[in-house]
1. Can you tell me which residue is nearest to Ser105 (Cα to Cα) among those in region 154-177 that are surrounded by fewer than 19 Cβ atoms within 10 Å (Cβ to Cβ) and basic (Lys, Arg)?
2. Would you confirm whether any residue within region 36-50 is touching a residue at least 24 places away in the same chain (Cβ under 8 Å), in a helix (DSSP H, G or I) and over 20 Å from Glu103 (Cα atoms)?
3. Restrict the check to region 2-19 and report whether at least one residue is modelled with pLDDT of 95 or more, acidic (Asp, Glu) and surrounded by 13 or more Cβ atoms within 10 Å (Cβ to Cβ).
4. Taking region 1-48, which residues are within 20 Å of the chain's Cα centre (by Cα) and of a type in the set (Phe, Trp, Tyr)?
5. So Lys151 clears everything in (1) touching a helix residue (DSSP H, G or I) at 6+ places or on another chain (Cβ under 9 Å); (2) surrounded by fewer than 16 Cβ atoms within 10 Å (Cβ to Cβ); (3) touching a residue at least 12 places away in the same chain (Cβ under 8 Å) except one condition, right? Which one?
6. Name, by its number, the condition in (1) under 22 Å from Glu92 (Cβ atoms); (2) at pLDDT below 95 that does not hold for Thr153.
Amino acid sequence: MLKRIFDILLSVVGLLLLLPLFIVIILWVKFDSRGPAFYTQVRVGQNNRDFKLLKFRSMRLGSDKSGLLTIGGRDPRVTRSGYFIRKYKIDELPQLINVLIGEMSLVGPRPEVRKYVDLYNAEQLKVLLVKPGITDLASLEYFNENELLAKSTDPERTYIDSVMPDKLKLNLKYIDQAGLVADVKIILRTIHRVVFR
């Protein structure tokens with residue numbers, strides 16, 4: 001209950017403070033390339049239920065049809081504005097709306113697409129017992145995941161066999177030690193990582 005109050009308060013404050021930035025990003029994305037300013041993708045949330053995760057659109061329309069993973073810092077599907085907002089994780093900020101309506105939490109395992117959740121084993125499925133989050137321990141550990149995958153000859157296989165299992169271990173570790181103090185520490189570490197890349 002305390003975590004939910006914390007999520008509501010910080011998401012409301014965040015949305016109000018970031019409103020001017022949201023307006024600038026919406027206009028930039030709209031003028032930069034054809035399509036809507038926001039992008040929604042179906043992800044798997046708490047209790048294995050699908051929900052629509054909200055982002056600022058950083059890729060050209062239809063890009064997800066050629067693969068779900070973004071590879072390297074210069075994926076040609078990413079727009080000019082997209083490179084900037086992805087670099088500073090600004091594209092993730094609309095998820096404060098997901099937090100406000102109760103689909104996500106500020107801190108929790110990052111929600112995955114169904115394609116990869118279907119590969120989870122029984123132990124890994126435990127990450128679906130809690131609400132997914134905007135940031136988590138795995139997000140900090142794999143802050144430059146795109147660049148890591150770009151070095152692989154088979155990025156998707158590397159993600160499935162190496163990156164995803166390791167991220168899930170970190171998610172399970174978070175669940176075991178979850179608490180308000182731990183959440184605040186992860187939020188502060190995330191802000192520090194974004195600002196001082």
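The values are calculated or read from the model by the stated rules, or taken from the named source; none is laboratory data. The model shown is predicted, which means the values in this text are computed figures rather than measured ones. Note that we place each Cβ from the backbone using ideal geometry, even for glycine, and neighbour counts take in every protein chain shown.
1. My answer is Lys173.
2. No; the residues of region 36-50 include none that is touching a residue at least 24 places away in the same chain (Cβ under 8 Å), in a helix (DSSP H, G or I) and over 20 Å from Glu103 (Cα atoms).
3. Scanning region 2-19 turns up at least one residue that is modelled with pLDDT of 95 or more, acidic (Asp, Glu) and surrounded by 13 or more Cβ atoms within 10 Å (Cβ to Cβ).
4. Phe6, Phe22, Phe38, Tyr39
5. Failed condition: (3).
6. Result: Thr153 passes all but (1).
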